[in-house]
Amino acid sequence: MAEEEKKEFWRWTETNWANKDIDWRKGKTITGGVDVGSVSSQAVIMVDGQLYASANTRTGYNSPQSAVNVMNWALEATDGMKLEDIKFTVGTGYGRVKVPFSNKAITEIACHARGANYMYGPSVRTVMDMGGQDLKAIRTDDKGKVLNFLMNEKCAAGTGRGMEVIADLLQVPIVEVGERSFDVDKEPPPVSTTCVLFAKAEMLGLLKKGYSVNQALAAYCSAMSYRVFTMIREVDVVEDFVITGGIAKNRGIVERLEGHLGLKSLKTEVDYQLAGAIGAALFGRVLYEKQK
Amino acid sequence: MIEDFKKIYENRHNYMKAWKAKNPDWKVLGYMCSYMPEEILYAAKVLPIRWLGGHEPQNVTEPHIMGMFCPFCRDVLAQGLLGKYDYCDAIGITHTCKHINQAYESMILHRGVDHFFIPTPSKMQDKQALPYYAGILKIFKEQLENWTGKKITEDDLKRGIAIVDENRRLMRQVYETRKADNPPISGLDSMYMVTASQMYDKQEVNKIIADVIKNELPGRKAKNDPGIRLMILGSEDDDTAFINMVENCGSSLVIDDHCTGSRYFWNTTEPGNDLMSVIADRYLKRPPCPIKDMPNRTRIPHIQGLAKEWNVAGAIVIQQKFCDPHELDKVAIVNGLKAVDVPTLYLEFDVTVPIGPFRIRVEAFLETLGSEDLF
Amino acid sequence: MGIYKTEPLKCWGKAKELRLGVYEGIKKARDNGTMIVAGGTESAIALPAGFDMDFLGGEPYGASCAFAGIQDPSWNRGLMEASEAASYPRDMCAYMRIGIGSLLSDKFVFGGKYPVPTFNLQTHICDTHGKWYQIMSDIEGVPYNCVDYVPYEWETENESEESKRLKRVYMKDQMLDVIDWMEKVSGKKFDDEKFINAVNWECESTSLWAQCCMVNQAIPAVMDEKMMYSLYIIAVLMRQQKAAVEFYKVLLDELKDRAARGIAAFENEKFRMIHDSQPPWHNLQIFRYLEQFGAVSIGAHYSFSLSGGWAYDKEQDKYLPAKAPKEAGVTLKTREEACDWYSEWLLAYQTLLRSLRYSGRGKHKRIQDIIDNWKIDGMMIHLNRGCEGTAVGQMELRRYLADRGIPALTYEGNLADVREFDLERTIDKIDTFMETVGLTKIAK
Amino acid sequence: MITAGADVGSKTVKVVILKDGKIAGKGIAIAGLEAEGAWENAWADALKEAGISRNDINKTVATGARLKEVKGFDEEMSMVTADAMAMHKLNPEIKTVLDVGAEEGRAIKVDKDGKVSDFAVNEKCAAGAGAFMEAMSRAMQVSIEQFGEEALKSTANLPINAQCAVFAESEVVSLVHEETPRPDICKAVCDGVSDRLASMARRVVVEPKVAFVGGAAKGMGLRRSLKEALELTEVYFPDDIEFVAAYGCALKAAE
C-alpha cells in the first residue's frame, strides 16, 4: 500500500520574541502568563505590566511539558532571564491547571478579555476568540472584565482545527488560506456544514462540482464566518470589536465576518494568539501585588 | 443521615428489590414524568417509583428512538430495555411530551409490560382543566382498582395524600434551610434527597428526612466556604457528576427549578371535599414544566422569586439536548432572570456530559460573577 | 412511452388561485390594518371565523418559506439564522424557527413586512404548538390564547366512553371561553352564524379530501404525492370556507373520472410507495428521482389525514371518510352545538393529530390499513429533524415494517431547514434501496 | 472469464480482478483530492499482480461514494449489495454484515440466498466512524494504526461523554490535559465509535453470524470494542477486509 506523502500544510510557524528596549532587570514586578490551548500554547513575560517577551508553539501531547517548553522558548528570547525571575505565573487554556510552575489558573475567557483590553485599549467591548477548538464571543467592560460570554454548542463548529483539516486536504499552506479565498471571480455560496467531521466530504463534494481550490476555500471561509456571525450576534456586538486567537490571522474569515457585521475589527501589532497569555500575566501582576 | 439519600440513589434497584420482598401485598409502578399522581398510587398500594436514566453509554435505543429525541427518554428506555427496572409490575406516564410518550410506547412494544396512560391536560392554567382532570383521575383510579382487584376507599386516598404531602412538606423544610448564608446541605445532597424520594418508598424516605432535619442540619455547614451562590434550573436533571463539578469550582447550588428538584414537591394539596378534585388541583397548581405553562408565563415570576429569596448571584440554565419544551422557554427565562440582574449560563445536557469542556464554561461564569479582586 | 396514459389536472389553476388568494388577503389586511388572526393551521381554524378576518397559518407559511429557499436561500437560511441570533435554539421545530425569524427580520415571504396579527390563537395539537405562539406573542406584544387538545386514542386502545366524553366537554368548554376572550381582545362581535357555517364547511371539505384520497386506491394512482401537496393545501389554508368545499367537489369528480378512464398520475407506475412525515419542502425533486425507477409515492398518512377527516369502521376494520354533520343528518343550530360537534370532529377524525401524540400500535394499524387498501409495495420514511411531532414513532414504524417484510427506506432531513438535508446522501440511499427491491433505472 | 470490481471509496480506491472465480489481482491506492489518480494506481497494481492487461477484462462493475469521479467501468452497484454478495460467497452462513467506512457505516442483513433483506446506514450526526477516529487520532497526535494498538493496551471503561464530534474532540483534549493515560483515551474513543455503530446495526436486528468489513474495521482497537458492544462471541473477519465490496462487484460482473 502506497504511503501518503506527508506534507504538513496545516503547520504554522512557531515563534518567539522579546522587546530588546526593555531592561527587565530594572523592573519591579515580573509576571508570566501561559496559555495551553488544544492546538497551540503561548507564553508571555511582562515587566511591570508591559509586554516583554513571548513564544507561540504547538501544544504537544503532554500538557505540563508543553507549558515548560513554551515558557522556556520565551525565556530564550530574553536577555538572560530565568524562570525563577518570574514572580507570579498564571496558567490558562485547556491545560491551565497543568502548568507546573504556575501560581494560579484562570479560564481563557477571562484572560482573553483582559488581554484584548491590553492589546487594543480600553475601548474594546466585544471580543471574538477563535481558537483551535472553541469559539468564544465575549462582552467586556473598559477594564477588560467579562460581562457575559458564549461558547460554541453543537453544530457550532468552524474552528481552527477544521481549518487545518481543510488546508491539509486541499494542500494549501494554512497561512495562505485567507489570501487565496479572495482570489475568486465571484463569492460562492457557503458550504452547508462547518462540522469538522464532514469538512472533508464537503470539500470533495465542491471539487466534484467543478469548484477550483480557491473557490472551495472561499465557500468554507464564508460558511465559517457566517457561523461565527450568527453566534456573535447573540451577545450583541458593541464596538470596539476585536478578534483574537489563531483564526484572527485568517483574513478570509475576518474580512467576511466584518462584512456581515458591517464593522471593522481593531488591529494591533501584537500577535493575536497571545491575548490569553497576556491576560493571564496581567492577572498575575494583580495577584502578586495583593499577595505582597 | 444525609448519606442515606445518596445510598438510595446509587443502589436504587437493590433497595427496591429488597423492599419488594418485604412488601408482597404491594405492586410497583414505574413512571417517567413528575406529573404522575402518586397519591392515588399510594392509596392503591402501588408504589410509584420514578425511572431515571443510568448516565452511561448505551447502544440499544437507536432502533426505537429517532436521533432528535432527548437523551432523557433515550436513557430511560435503555434502562428499561436492558431489564434494569424489571421488578416493576407496570409502567405509567402522564402526558407531558412526545419524547416520553415514545419511550413508553417502545417499552410496551418490546417488553409487553402492563401500562397506564393518563391524558393530563397541557393548558393547566385554564379553569376547564380542573373538571376534566378530576374526571380523568377518577378513570385512572378505576383502572388501578381493576388492575389490583382492590377497591380504593376515601380513607385510602386520604392516607395516600398524607404520605405524599408529608414528603413535600419535609423537603420544603430542608430547602428553607438553604437560604442560610452558609447552607447546611449542598446542592448535590439536596438532589440526592429529592431523587431518593422519587425512586424509593416515601414512607421510608420521610423518616430519614425528618431525622436529618431534627438531628443533622442544625449547626451543620455543607462547606467551609460556600463560595458563589447559584441557582440551577431547567429540565430533568440528575446529573450528579455535573452538580459535583459545579460545587467543587467554588460555588454552592442553593436552589433549583427542576422536576428532579423543587418543581416536584413545591406545593401540597389544599383541603376540599372531592378528593379527585383536590388531587387534580394540586398538579394543576404546581410549578409547571414549560410545556404546561401557557398561555401565560407563570414560570418567570416563580423563578425570579426563588432567585431573590434564596439570594443567588447567578443561575445555570440547563436542558436536555433536543428538549423542545425547555428550548421554547430558553429566551424568556434568560431574559426574565436578566431583568432581575441574575446572569445566566446556558448548557445542554446529554446522557452523559463532557465534564472538561463544561468546567471551562462554569469556571468562566463564576469568574464573571466574582472576579472583582482581579481588577 | 409509458405504461399508462397521463394528462394534467383540470383544476390545477384553480388550486393555485385559491392558495395565492389566501396570502393576498393577508397582505391586504396588513396594509389596511384590518383583522388578522395567526396561529397553527392544523388547529380549530373555524373558531375565529365568527369574525371577518384573515387567518395566517404558521405551518404552511413555514413550508412556503422553505420552498422559496429553492430560488433564494436567504428565505431559508436567513430566517433560521435570524432566529438563532436571537438565541432561539437550533433544533426547535423548523416551522417555528422560520416564523420567529420571519417576524424578527420583519419579512413576509409573499412580499412586504411581516403581518402582525390582532391576536394569536393556537390549538395545542402537538407538544410544541401551544408554546410556539406564546413566543410569537412575546415578540409581537399581542394577546395570546390557546385551546388544549387531547385527542381520542386509537381504536386499538378501547378507550372508555367516559374518557371521550371528558375530552369532548373539555375542548368544547375551552372553545366557548375562547370565543368570549376573542371578543374581549378584539373589541368585535362574534357572529354565531358565520362560525356555524365555517364548522360545517370545515367538516365537509376535510371529508371530501378523504374521499379524494380513497379514489387513489385505483391502479394506476390518479394522484402522486407531489400533486397532493398542491391539492390538500386548500384544506390546510381555508377548509372552513365554502370555496374549499366547492373546490373539492370539483376535484373529486375529476379524480373519479380519471380513475374510470385509467389516467395515471405517473405514466410508469410500477412500484407504489407511501411516504411518512412531511417532505423536505426545499428538495421535492427526490420524488421525481423515484420516478426514474418506476416508483411513485402515492400518498402518506400525513397527506391523507392532515386535511382529511377519517373514521374507523369497525365492521370493515377500515378507515373511511368521516361523515360531515349534514351527511350525518345533524343540523347545528347554536354556538354550543357547533363547538360540541367541532370538538368531536377534531378529536375523533383528525387522525394525523392523533398520531402526533399516540405513535405506536394505533399508528401502525393505520399505516397497515393504507398499505393493504392502497396496494403499497414499499415505504419511504423521512426522519424529520424539523418536526418531532411527525417524527415520533418513526423508528418503531420502520421496525414494524421490517418485521413484516415490507421494504422501507429511511432518510434523514428536515422539512424546512435546508442545512439539515443532504441531497447526495439521500440519492445514494434511494439508489441502494431500489437495488434491494430489484428496480433499475428506466432507460430514457 | 476475467472480470473486475472496484470500490471508489471516500478515502481509498480498491480494485479486485477475478479470473474464473478466483482472485487474480488486487490493488489499493489512497484517494486524496481527486480519485482519478488513485483509480489508475489501484488498477495498475491489480493488473500487474494478475499479469494481464486492461483489455483482457470482460466486464467491470464498480461501487463507492466517489464513483462519479472516475471513468472506465461498465456498470455500477451499491455498496450494500456488493458487500452482501461478497460475504455470501466468502461465507454463506453470514447473516449480518457490518461495513465500517471512512464516512459511513452500513449494517446489512443477508438472506439465505445472499440477497439483502434489510439495511441501515448511519444518519448524519452518527456517521463517519472512520473520519471520527481520524479526527481523534489527530487530537491525540498518534497515527491511526497506532491508535488501535494503544487502545488494545487498555481495559479501562472510560466513557467519551460527548455525542457530537466537535465536543468529543474537546473532551479528548480535556482528558489529555488531565493526564489520562493515552491507551485509556484511545479505548474510550473506540468504545464510543463502536456504540454508535452497534446502535445503527441494531436497527436491522443483528443475527449471527456476523462479519465486519471495510477499511476502518482493520483497526484492532475498534474490532474489539465493536465485538463487545454487540455482545458477540464470534465475528468473521474476511482476509483483505477492505477489498470486500470490490470483490462483490467483481462477482457481480462475472454473473
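Report yes if some residue within the range B:347-360 is more than 14 Å from chain D (Cβ to nearest Cβ) and either within 21 Å of residue B:238 (Cα to Cα) or among the hydrophobic types (A, V, I, L, M, F, W, C) (or both); otherwise report no. If you could, list the steps in order and put the result at the bottom.
Let us first name the residues in the range B:347-360 that are more than 14 Å from chain D (Cβ to nearest Cβ), namely none.
The answer is no, given that none of the residues of the range B:347-360 is more than 14 Å from chain D (Cβ to nearest Cβ) and either within 21 Å of residue B:238 (Cα to Cα) or among the hydrophobic types (A, V, I, L, M, F, W, C) (or both).
Of the residues in the range A:41-66, how many are within 14 Å of chain D (Cβ to nearest Cβ) and within 16 Å of the chain's Cα centre (by Cα)?
Result for the range A:41-66: 4.
Can you tell me which residue among A:205, A:259, A:279 is of a type in the set (Gly, Ala, Ser) and more than 10 Å from every other protein chain (Cβ to nearest Cβ)? Lay out the reasoning, then the answer.
Numbers: A:205 fails: more than 10 Å from every other protein chain (Cβ to nearest Cβ); A:279 fails: more than 10 Å from every other protein chain (Cβ to nearest Cβ).
From the options A:205, A:259, A:279, the qualifying one is A:259.
I need the full set of residues from the range D:11-70 which are over 23 Å from residue C:427 (Cα atoms), among the aliphatic types (A, V, I, L, M) and in a helix (DSSP H, G or I), in order please.
Correct list: D:38, D:42, D:44, D:46, D:47, D:50.
Which condition number does residue C:172 fail, the rest of (1) under 25 Å from residue B:108 (Cβ atoms); (2) of a type in the set (Lys, Arg); (3) more than 8 Å from chain B (Cβ to nearest Cβ) being met?
That leaves (1) as the condition not met.
Only one residue in C:396, C:344 is under 30 Å from residue D:119 (Cα atoms) and in contact (Cβ under 8 Å) with a residue 12 or more places away in the chain, so which one is that?
Being under 30 Å from residue D:119 (Cα atoms) and in contact (Cβ under 8 Å) with a residue 12 or more places away in the chain holds for just one of C:396, C:344, which is C:396.
Test of understanding: among B:328, B:337, which residue is of a type in the set (A, V, I, L, M), crowded, with 20+ Cβ neighbours inside 10 Å, out of contact with any Phe, Trp or Tyr (no Cβ under 9 Å at 6 or more places or on another chain) and touching a residue at least 12 places away in the same chain (Cβ under 8 Å)? Walk me through how you get there before you give the answer.
Working: B:328 fails: out of contact with any Phe, Trp or Tyr (no Cβ under 9 Å at 6 or more places or on another chain).
After applying the criteria, what remains is B:337.
Can you name every residue in the range D:156-197 that is in contact with a helix residue (DSSP H, G or I) (Cβ under 8 Å, 6 or more places away or on another chain), not in a helix (DSSP H, G or I) and not small (Gly, Ala, Ser)?
Scanning the range D:156-197 gives D:157, D:158, D:159, D:160, D:161, D:163, D:164, D:178, D:179.
Assess whether residue A:93 counts as being at positive phi and touching a helix residue (DSSP H, G or I) at 6+ places or on another chain (Cβ under 7 Å).
Judged against the criteria, residue A:93 is a match.
How many residues does the range D:65-94 contain that are more than 17 Å from the chain's Cα centre (by Cα) and in contact (Cβ under 8 Å) with a residue 40 or more places away in the chain?
Of the range D:65-94, the ones more than 17 Å from the chain's Cα centre (by Cα) are D:68-76, D:89, D:91-93.
From what's left, in contact (Cβ under 8 Å) with a residue 40 or more places away in the chain: D:69-70, D:73-75, D:89, D:91, D:93.
Qualifying residue count, the range D:65-94: 8.
For the range C:397-418, which positions are of a type in the set (Asp, Glu), buried (at least 23 other Cβ atoms within 10 Å of the Cβ) and within 9 Å of another protein chain (Cβ to nearest Cβ)?
Taking the range C:397-418 first, the residues of a type in the set (Asp, Glu) are C:403, C:412, C:417.
Next, only the ones that are buried (at least 23 other Cβ atoms within 10 Å of the Cβ) stay: C:412, C:417.
Of everything in the range C:397-418, just one residue is of a type in the set (Asp, Glu), buried (at least 23 other Cβ atoms within 10 Å of the Cβ) and within 9 Å of another protein chain (Cβ to nearest Cβ), namely C:412.
How do the pairs read when you match residues in the range B:17-30 that are closer than 19 Å to residue B:43 by Cβ with residues anywhere that are among the polar types (S, T, N, Q), using Cβ under 7 Å and keeping only pairs 6 or more apart or on different chains?
Here the result reads B:27/B:148, each pair linking the range B:17-30 to a residue that is among the polar types (S, T, N, Q).
Tell me whether the range D:239-250 contains one or more residues that are under 14 Å from the mean Cα position of the chain (by Cα) and on the phi > 0 side of the Ramachandran plot.
Filtering the range D:239-250 down to residues under 14 Å from the mean Cα position of the chain (by Cα) leaves D:239-248.
Checking which are on the phi > 0 side of the Ramachandran plot leaves us with D:240.
Looking through the range D:239-250, at least one residue is under 14 Å from the mean Cα position of the chain (by Cα) and on the phi > 0 side of the Ramachandran plot.
Taking the condition closer than 20 Å to residue B:3 by Cα, outside any loop (DSSP other than H, G, I, E, B), more than 20 Å from the chain's Cα centre (by Cα) and in contact (Cβ under 8 Å) with a residue 40 or more places away in the chain, does residue B:211 pass? Walk me through it before giving the result.
Numbers: closer than 20 Å to residue B:3 by Cα: yes; outside any loop (DSSP other than H, G, I, E, B): yes; more than 20 Å from the chain's Cα centre (by Cα): yes; in contact (Cβ under 8 Å) with a residue 40 or more places away in the chain: yes.
So residue B:211 fits the description; yes.
Name the one entry in B:65, B:91, B:40, B:49 that is more than 22 Å from the chain's Cα centre (by Cα) and β-branched (Val, Ile, Thr).
Sole residue among the options that is more than 22 Å from the chain's Cα centre (by Cα) and β-branched (Val, Ile, Thr): B:65.
Scan A:34, A:44, A:39 and give me the residue that is in contact with a Leu (Cβ under 8 Å, 6 or more places away or on another chain), among the β-branched types (Val, Ile, Thr) and under 29 Å from residue A:134 (Cα atoms).
Values: A:34 fails: in contact with a Leu (Cβ under 8 Å, 6 or more places away or on another chain); A:39 fails: in contact with a Leu (Cβ under 8 Å, 6 or more places away or on another chain).
Criteria check complete, one pass: A:44.
So which residues in the range B:316-345 are of a type in the set (A, V, I, L, M, F, W, C) and under 18 Å from the mean Cα position of the chain (by Cα)?
Residues of the range B:316-345 that are of a type in the set (A, V, I, L, M, F, W, C), as a first pass: B:316-318, B:322-323, B:328, B:331-334, B:337, B:339-340, B:342, B:345.
Hits for the range B:316-345 are B:316, B:317, B:318, B:323.
Could you tell me whether any residue of the range D:164-184 is modelled with pLDDT of 85 or more, hydroxyl-bearing (Ser, Thr, Tyr) and closer than 24 Å to residue D:231 by Cα?
Looking for residues that are modelled with pLDDT of 85 or more, hydroxyl-bearing (Ser, Thr, Tyr) and closer than 24 Å to residue D:231 by Cα, one finds none in the range D:164-184, hence no.
Determine the pairs where a residue that is within 10 Å of chain B (Cβ to nearest Cβ), located within the range A:108-119, has a partner that is polar (S, T, N, Q) and surrounded by fewer than 24 Cβ atoms within 10 Å (Cβ to Cβ) with Cβ atoms under 7 Å apart, the partner being 6 or more residues away or on another chain.
Within 7 Å, the pairs are A:110/B:371.
From the set of residues in the range C:355-367 that are within 12 Å of another protein chain (Cβ to nearest Cβ) and part of a helix (DSSP H, G or I), which is nearest to residue B:100 (Cα to Cα)? Spell out the reasoning first.
Of all residues in the range C:355-367, those within 12 Å of another protein chain (Cβ to nearest Cβ) come to C:355-364.
Still in the list and also part of a helix (DSSP H, G or I): C:355-357, C:361-364.
Details: C:355: 14, C:356: 13, C:357: 10, C:361: 16, C:362: 17, C:363: 17, C:364: 19 Å.
This residue is C:357.
Might you check whether a residue that is closer than 21 Å to residue D:94 by Cβ, within 17 Å of the chain's Cα centre (by Cα), hydrophobic (A, V, I, L, M, F, W, C) and within 14 Å of chain B (Cβ to nearest Cβ) occurs anywhere in the range D:201-217?
Here is the first cut: in the range D:201-217, the ones closer than 21 Å to residue D:94 by Cβ are D:201-217.
Imposing the further condition that a residue be within 17 Å of the chain's Cα centre (by Cα) reduces the set to D:201, D:210-217.
Filter once more, keeping what is hydrophobic (A, V, I, L, M, F, W, C): D:201, D:210-213, D:216-217.
Pick out the ones that are also within 14 Å of chain B (Cβ to nearest Cβ) and you get D:201.
Scanning the range D:201-217 turns up at least one residue that is closer than 21 Å to residue D:94 by Cβ, within 17 Å of the chain's Cα centre (by Cα), hydrophobic (A, V, I, L, M, F, W, C) and within 14 Å of chain B (Cβ to nearest Cβ).
Given the criterion within 14 Å of chain A (Cβ to nearest Cβ), surrounded by 24 or more Cβ atoms within 10 Å (Cβ to Cβ), out of contact with any strand residue (DSSP E or B) (no Cβ under 6 Å at 6 or more places or on another chain) and assigned to a helix (DSSP H, G or I), identify the matching residue among C:83, C:74.
Values: C:74 fails: surrounded by 24 or more Cβ atoms within 10 Å (Cβ to Cβ).
C:83 is the lone residue from the list that is within 14 Å of chain A (Cβ to nearest Cβ), surrounded by 24 or more Cβ atoms within 10 Å (Cβ to Cβ), out of contact with any strand residue (DSSP E or B) (no Cβ under 6 Å at 6 or more places or on another chain) and assigned to a helix (DSSP H, G or I).
Being within 14 Å of chain C (Cβ to nearest Cβ), out of contact with any Pro (no Cβ under 9 Å at 6 or more places or on another chain) and touching a residue at least 12 places away in the same chain (Cβ under 8 Å) is the filter here; which residues of the range A:208-232 pass it?
Across the range A:208-232, the qualifying residues are A:228, A:229, A:231, A:232.
I'd like to verify a number: residues in the range A:79-93 that are within 14 Å of residue A:281 (Cβ to Cβ), outside any helix (DSSP H, G or I) and more than 14 Å from chain D (Cβ to nearest Cβ), how many?
Count: 6.
The values are calculated or read from the model by the stated rules, or taken from the named source; none is laboratory data. Owing to the predicted nature of the structure, the values given are computational and were not obtained by experimental measurement. All Cβ positions, even for glycine, are placed from backbone atoms using ideal geometry, and neighbour counts span all protein chains on display.
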